[in-house]
Structures are given as C-alpha cells and as structure tokens.
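Here, each number is a calculation from the coordinates, and none is a lab measurement. Small disclaimer: the values here were computed from a predicted structure and weren't measured. Cβ coordinates were reconstructed from backbone atoms using ideal geometry, including for glycine residues, and neighbour counts include every protein chain displayed.
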Amino acid sequence: MRLERVELFVVRLPLKRAYETSGARETHMTRVLCRAESEGAVGWGESVAGELPWYSGETPRTVLYALEEFILPELFKTDLARPEDVQRVLAWIREHRMAKATIEMAKAREETALRSPRRAARSHPLRRRHRDPAQHRRTYGNDQP
C-alpha cells in the first residue's frame with residue numbers, strides 16, 4: 001500500500017503543573033503529530049520528543065527535520081504492505097528513533113483503520129481536546145513536489 005498523503009502538525013500544549021527534574025523545567029509540551037493516509041484509511045502518530053534534549057538528542061524540531069528531509073521522501077517512493085515495512089525501509093537511517101516511531105505509529109493505526117474503521121475513529125488524537133491546538137501544519141503527498 002502506497003503512502004498517499006502525510007500532514008505534520010506542530011502543537012504546543014500547556015501543562016497544568018510544571019514538570020521539573022534536576023536538569024530541566026518544562027511548563028508546556030511541544031509535539032509533532034503525523035496524519036498518514038493510504039487507500040482512504042487514516043492513521044495518526046505522535047512524537048514524544050521533549051522540548052529540550054535533556055532526555056534524548058531529539059526535539060520536535062529535529063523530528064520535523066528528519067521527517068521532512070529524508071524519512072517521508074523515502075517512504076513515498078516505497079510500497080508499504082505492512083507497518084513493519086516502515087522500519088525495514090528506514091533501517092539505513094541511524095538514530096532519529098522518535099521521528100521514525102511517529103510515522104510507524106501512523107502506519108500501524110492506518111492498518112487498524114482498514115480493518116476496523118469505527119475503532120480508528122475513536123482514537124483520533126485531536127478529539128481529546130475541545131480546541132484545535134495546531135500552530136503549524138505541513139502537507140506532503142505523491143502529488144506534491
């Protein structure tokens with residue numbers, strides 16, 4: 001199944017209470033959400049990279065960069081029969097585990113949507129909030145340059 005369209009959203013959500021460790025204090029979360037579409041099925045993935053690189057070397061900016069510059073272009077060229085194929089196709093890319101996991105989650109949920117559309121509709125990540133927190137949105141697809 002060919003990846004037809006991907007939308008990336010950068011969202012910034014305030015925390016009820018600050019999260020503090022010995023190395024950092026966070027008052028909000030910035031995350032990259034990924035909406036992948038193939039054959040009419042939609043799947044969502046989310047990066048868990050922290051705002052600052054105190055836990056891992058990845059941040060929302062590095063996740064966005066990796067997805068835009070080399071992960072998505074590689075996946076648009078390939079037929080992905082199963083979600084596991086994403087890992088196989090991207091094996092040559094060192095590190096960037098959170099960026100890879102973002103699209104892997106979206107492809108896995110997309111497969112779930114093909115098998116059970118009703119279940120997939122309930123897991124839509126933006127339905128958890130009453131407002132649309134998207135501050136930044138980018139769309140990619142085979143019909144895009």
Compute the length gained on full extension between TYR19 and TRP92: take 0.36 nm times their separation in residues and subtract their Cα-Cα distance, giving the result in nm to one decimal. 22.8 nm
Quick one: which residues, 5 or more positions from MET29 or on another chain, have an amide H under 5 Å from its amide H? H modelled 1.01 Å from N in the peptide plane, none for Pro or chain starts. LEU13, LEU15
In nm, to one decimal, how far is the modelled label at GLU69 from the one at VAL48, with both set 7 Å along Cα→Cβ? 2.5 nm
Between ARG61 and ASP85, what's the calculated FRET efficiency when r is the beta-carbon distance and R0 is 25 Å? Round to 0.05. 0.40
Once you put a point 7 Å from the Cα of ARG5 and another 7 Å from the Cα of LEU114, both along the Cβ direction, what distance in nm separates them? 1.8 nm
With a point put 7 Å past each Cα toward its Cβ, work out how far MET29 is from LYS77 in nm, to one decimal. 3.5 nm
³J(HN,Hα), Karplus 6.51/-1.76/1.60, whole Hz, each residue of the stretch 11-20, x for Gly, Pro: 10, 10, 10, x, 8, 4, 10, 5, 9, 10
